[in-house]
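Bear in mind these aren't lab numbers, they're just calculated from the coordinates by the rules spelled out. Computed from a prediction, not measured in an experiment: that's the story for all the values here. Ideal geometry is used to build each Cβ from the backbone, glycine not excepted, and the neighbour counts take in all protein chains shown.
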Amino acid sequence: MSVLVTRDVHKTFGTQPVLNGVSFTADKSEVIAIIGPSGSGKSTFLRTLNGLEKVDRGSIKVLGRDVANATDLSRIRGKVGFVFQGFNLFSHLTILQNVMLAPIRVLKLKRAEAERLALQLLSRVGIAEHAGKYPSQISGGQQQRAAIARTLALQPEIVLFDEPTSALDPEMTAEVLDVLRELAKSGLTMLVVTHEMGFAREVASRIVFFDQGKIVADDQPRAFFENSENPRLKLFLSRILKH
Amino acid sequence: MKQLIHLGFAFAAIAVIFLILNFALPLCPEPIGSRADLFITGAKLTLVLTFYAGVIGLLLGTLAGVAKLQKNLLLRGVATFYTWLFRGTPLLVQILFIYFALPVVSPSFQFDEQTAAIIALALNVGAYNAEAIRGGLIAVPKGQTEAAVSLGLSPVQTLVWITLPQAFRISIPPLVSNLVALLKDSSLASSIGLLELSLVGNRVSSETFSPVPVLLTVAGIYLVITSVLTAAALPLEKKVRGEK
């Protein structure tokens, strides 16, 4: 069952084309890694999927709803979580308050109920002991895990991860990837823009390669890495796998 | 909420000042000591004007600062006109206009001296606060808004729960300096006959022919109050810098 379908999505920043006709489908419980060189449009594409970026042309349907032309996105956004490269935790709130905010304000849960849910999620990502701290008082890896918990608090059906480990050192990257692995097993539909090839190969059910605003390759991990015919993908992989 | 608690602290500190003045002023040599009551009444009125105008001005400034950043042309236009008008004309003229001219325009705008002064002071400080709040709102990182809307918060919820609380923290230094300016500017209320601190000074000084001690006392009282206000804001500013 397709939970996310885009057709011929176009997007331009000024005169610079970023997305040149992206058609893409994701099924329920798929874990899709999106890779590609910087500026290839992969993050922009992810941001169009919950309406953070408006598209110029094309259609986007998420869970059966039209995102490209929606006027009120808040309902669909509750079902589609977004995890940012820079975490974007609310700096004036504690970790617990960060996770409780949307359940209280959007889902209209009672405070006690929201707190129980939040603490449960924080222990799931392994940072329950930091619940009372402010974002600036914990490490980047802990912040990203808190941001994931914050997103999960809405019980989304799809979560979009925009380079969730790019701002982290290797040790913290590992702890965040562990959380992603666990989520992938739980059956959540995930789209992960990433540079972590090992993670993509091991966890993703599909890998999508973006180049110059287009999807150039889209395959199962094994086939993707072994039989890549596309010269641009070959070049990209040879560069990235050398390191 | 924490901001309000801090504001409460600030005014509690001022109450402490009154206790000090109540005991210290009567002990001063002539011609101050025997007229201590007069100085205290004046200082009280100064603080009353500052308090009401400060609270209303913060509200006005928040509304106007938010409105100035809206896409809606009408909202933005009204807010821009308001700040342009009240920052571009002298406060003295504003006070005189509201007290003397507005009742001529329409009898329903007839205010007593104190109300007229509070309205003028609030409108004036509100225009300056609007710029401080607007600056604070602009300084909130874009990622905060993106995270909020990604969680399904509406634009109004995002403003109320995410951007405004952060903007207030950023705007504290300019807001405090506007408050200090307001306290001193409240002396212009004397122009419509309100016996606030500086008019007390003026009267006592001409009555006693001793301007030096009298005006020094008045200036000293202002200094004590502004110092307390600034000091009360310090922990807030520290918080802004992340020194919790």
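Run the helix sum for chain B: -39,500 (n - 2.57) per DSSP H stretch of 4+ residues, divided by residue count, reported at 222 nm to the nearest 500 deg cm²/dmol.
-25500 deg cm²/dmol
Would you work out the relative contact order for chain B, in percent, from Cα pairs under 8 angstrom that are 6 or more residues apart?
29
Using only alpha carbon pairs under 8 Å that are at least six residues apart, calculate the relative contact order of the stretch A:2-242 and give it in whole percent.
26
Counting only Cα atoms, I'd like the Rg/Rh figure for the protein assembly as shown, Kirkwood definition for Rh.
My calculation puts Rg/Rh at 1.14.
Could you check what % of the DSSP bridge pairs in the protein assembly as shown are antiparallel, to the nearest 5?
55
How many lysine pairs are close in chain A, with Cα atoms under 19 Å apart and the two 8 or more places apart or on different chains?
Lysine pairs satisfying the spacing and distance rule in chain A number 19.
If R₀ is 22 angstrom, what is the calculated FRET efficiency for the pair A:Leu241 and A:Asp178, using the beta carbon separation as r and rounding to 0.05?
About 0.50, to the nearest 0.05.
FRET efficiency for B:Leu215 and B:Gln110, Cβ-Cβ distance as r, R0 = 51 Å, nearest 0.05?
0.90
Answer rounded, prolate or oblate for the stretch B:2-240, using the Cα gyration tensor with square roots of eigenvalues a ≥ b ≥ c: rounded when a/c is under 1.5, else prolate when a/b is larger than b/c, else oblate.
oblate
Using label points projected 7 Å from each Cα along Cα→Cβ, tell me how many nm separate A:Ile138 and A:Glu229, to one decimal.
Placing both labels 7 Å beyond Cα along the Cβ direction yields 4.7 nm.
Nearest 10 degrees is fine. How inclined is helix A:231-242 to the longest principal axis of chain A, computing both from alpha carbons?
50
Please give the FRET efficiency for A:Arg116 paired with B:Arg203, using the beta carbon to beta carbon distance and R0 = 60 Å, rounded to the nearest 0.05.
My answer for the efficiency is 0.40.
Relative contact order for the stretch B:85-178 using alpha-carbon pairs under 8 Å, separation at least 6, rounded to a whole percent?
28
If you line up the long axis of helix A:140-152 against the longest principal axis of chain A, both from Cα atoms, how many degrees apart are they, to the nearest 10?
For helix A:140-152, the angle is close to 90 degrees.
Alpha carbon centre of the stretch A:1-60 versus the stretch A:200-243: separation in Å?
17
What's the exposure ranking of A:Met190, A:Met197, going from fewest to most Cβ atoms within 10 Å?
Neighbour counts put them in this order, fewest first: A:Met197, A:Met190.
Given points 7 Å out from each Cα along the Cα-Cβ axis, report the B:Phe100 to B:Val55 separation in nanometres with one decimal.
The modelled label-to-label distance comes out at 3.1 nm.
Around A:Leu109, which amide H atoms from residues at least 5 apart in sequence, or from another chain, sit under 5 Å from its own amide H, with H modelled in the peptide plane?
A:Ile104
Which angle from 0 to 90°, rounded to the nearest 10, does the C-alpha axis of helix B:2-24 make with the longest principal axis of chain B?
The angle comes out at about 10 degrees.
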